[in-house]
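**Student:** Below are the structure tokens for one structure; questions will follow.
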Amino acid sequence: MAQRRGAAIDRLSEIGHVDIAHDSMDWVNYRVVELENRIDVPLPDELVEGVAFEIEWLGGITETDLGVPIPPMAEEPTNLPQWRVNDELLAETLPHLPDCRYLILQGSLVTDNGIATACEIPCLAELRIANTWIHRYPSLVTNQAMRHVGRHPSLREVSLKCQPITDEGMELLSQSRTIEEVDLCNCPITSNAIISLARMPNLSSLKVGTSDSQYIAPRAYTPDLSSWTPEIGQALSELDGKLISVTIQNVPLHPKIRQAFENMESVTDFQFDEVAEAE
């Protein structure tokens, strides 16, 4: 077991970054998992805090790319790990890292099957999936991956930047009883996703909108919160008392939705950035 674990860490380190805890208390005190929520599994002496596959950036690009508008200060991805980070890699390595606290996947070829493998890590607390310049490097993750994410017993933070996750995916994600933070920047959800999010008992932080200039996506990936129904209004009232932080960036937004967020007594961190309000 120790030999296979060592080989897995070495292989992952060749492509990405493996964060090793300095001591057991560093691992226990990882920022998004409280001690009382620690999963009780046999753990090795050298504990893994997380695994990250990230990309590097290169500035100086054109105003459009394959018909997609590019912000003036955008940086182009370079040195993507995507051709080597796939389902097979995760299946051969992650089962040997049950202590892994976070997993960051940027620009990978991971599909729903790979996310299912990641969600078998019992101690996983933070999952970040992000593709940038999505029109050129499309994500292979679909709504069905959210079925696995929603069923994880200890996840606290989920980021899905530039993923083709819609209201259907939010319905599956809403199974979670533990997730506290959700980032849906550049996910093509609609106002109906609020109904699903309201079912999550521990949801305290929500980000919806278009992300910063590093994450380039077609307009079809822009969330749309411009519709309103009584069911959406009821869901917003159920979120009051749970939500603490709300960020809405550059999306069509129904005035009643904005007003509902503004009136939530539990929200202490409320950010709107150049919001395009719907009529």
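**Student:** Quick check: from the Cα gyration tensor, does the range 41-143 come out rounded (a/c under 1.5), prolate or oblate? Please list the in-between numbers first.
**Tutor:** On the way: a/c = 2.97, a/b = 2.20, b/c = 1.35.
Taking the square roots of the gyration eigenvalues as a ≥ b ≥ c, the range 41-143 is prolate.
**Student:** Which values, in whole Å and largest first, are the semi-axes of the equivalent ellipsoid of the range 144-266 obtained as the square root of 5 times each eigenvalue of the Cα gyration tensor? Can you show the working numbers first?
**Tutor:** Numbers: eigenvalues 72, 71, 33 Å².
Equivalent-ellipsoid dimensions as semi-axes: 19, 19, 13 Å.
**Student:** Under 17 Å Cα-Cα from Lys207, which lysines qualify once same-chain neighbours fewer than 8 residues away are excluded?
**Tutor:** The reachable lysines, counting only those whose Cα sits under 17 Å from Lys207, are Lys161, Lys242.
**Student:** Return the whole-Å distance between the Cα centroid of the range 171-236 and the Cα centroid of the range 248-262.
**Tutor:** The distance from the Cα centre of the range 171-236 to that of the range 248-262 comes to 12 Å.
**Student:** So for the range 215-279, what percent of the C-alpha to C-alpha distances run longer than 13 Å?
**Tutor:** Details: 1349 of 2080 pairs.
Tail of the P(r) past 13 Å holds 65 percent of the pairs.
**Student:** Also, quick follow-up: I need to check one value: relative contact order of the range 107-224, counting alpha carbon pairs closer than 8 Å and at least 6 residues apart, in percent. Write out the running numbers ahead of the final one.
**Tutor:** On the way: 268 pairs, mean separation 30.2, N = 118.
Relative contact order here is 26 percent.
**Student:** Still on this structure, I have one more. Looking at the chain only, what percent of DSSP beta bridges run antiparallel? Nearest 5 please. Provide the component values of the computation, followed by the final result.
**Tutor:** Numbers: 9 of 46 bridges.
Close to 20 percent.
**Student:** Calculate the tail of P(r) for the range 88-211: the fraction of all Cα-Cα distances greater than 20 Å, expressed in %.
**Tutor:** Values: 2742 of 7626 pairs.
It works out to 36 percent of all Cα pairs.
**Student:** Give, as a single signed number, the net charge of other residues whose beta carbon lies under 13 Å from the beta carbon of Gly114, with Lys and Arg counted +1 and Asp and Glu -1.
**Tutor:** Numbers: positive: Arg84; negative: Asp87, Glu88, Glu92, Asp112, Glu120.
Neighbour charge sum, excluding Gly114 itself: -4.
**Student:** Next up: Using helices alone, I'd like the mean residue ellipticity at 222 nm for the chain: each DSSP H run of four-plus residues gives -39500 (n - 2.57), total over residue count, nearest 500. Don't jump to the answer; show the numbers that get you there.
**Tutor:** Working: 9 runs with 71 residues, N = 279.
Taken over the chain, the calculation gives -7000 deg cm²/dmol.
**Student:** Let me ask something else. Hey, any idea what % of the chain's accessible area is carbon plus sulfur with a 1.4 Å probe?
**Tutor:** Numbers: 6100 of 12770 Å².
Taking all protein chains in place, the chain shows 48 percent carbon and sulfur surface.
**Student:** Given a cut-off of 16 Å, what percent of all Cα-Cα pairs of the range 139-191 lie beyond it? Spell out each step's value before the answer.
**Tutor:** Numbers: 441 of 1378 pairs.
Counting pairs separated by more than 16 Å, the tail of P(r) holds 32 percent.
**Student:** If you don't mind, another one. Stokes-Einstein at 25 °C, 0.890 mPa s, Kirkwood radius from Cα pairs: D for the chain in µm² s⁻¹? Before the final figure, lay out each step's value.
**Tutor:** Details: Rh = 19.5 Å.
For these conditions, the coefficient is 126 µm²/s.
**Student:** Could you pull the Cα extents of the range 76-122 along its three principal axes, largest to smallest, in whole Å?
**Tutor:** Between the extreme Cα coordinates on each principal axis of the range 76-122 lie 35, 19, 15 Å.
The values are calculated or read from the model by the stated rules, or taken from the named source; none is laboratory data. Since the model is a prediction, treat every value here as computed from it, not as a measurement. Please note: Cβ atoms are built from the backbone with ideal geometry, for glycine as well, and neighbour counts cover all protein chains shown. For accessibility, only protein heavy atoms count, side chains too; no ligands or nucleic acids. Shrake-Rupley method; radii C 1.70, N 1.55, O 1.52, S 1.80 Å.
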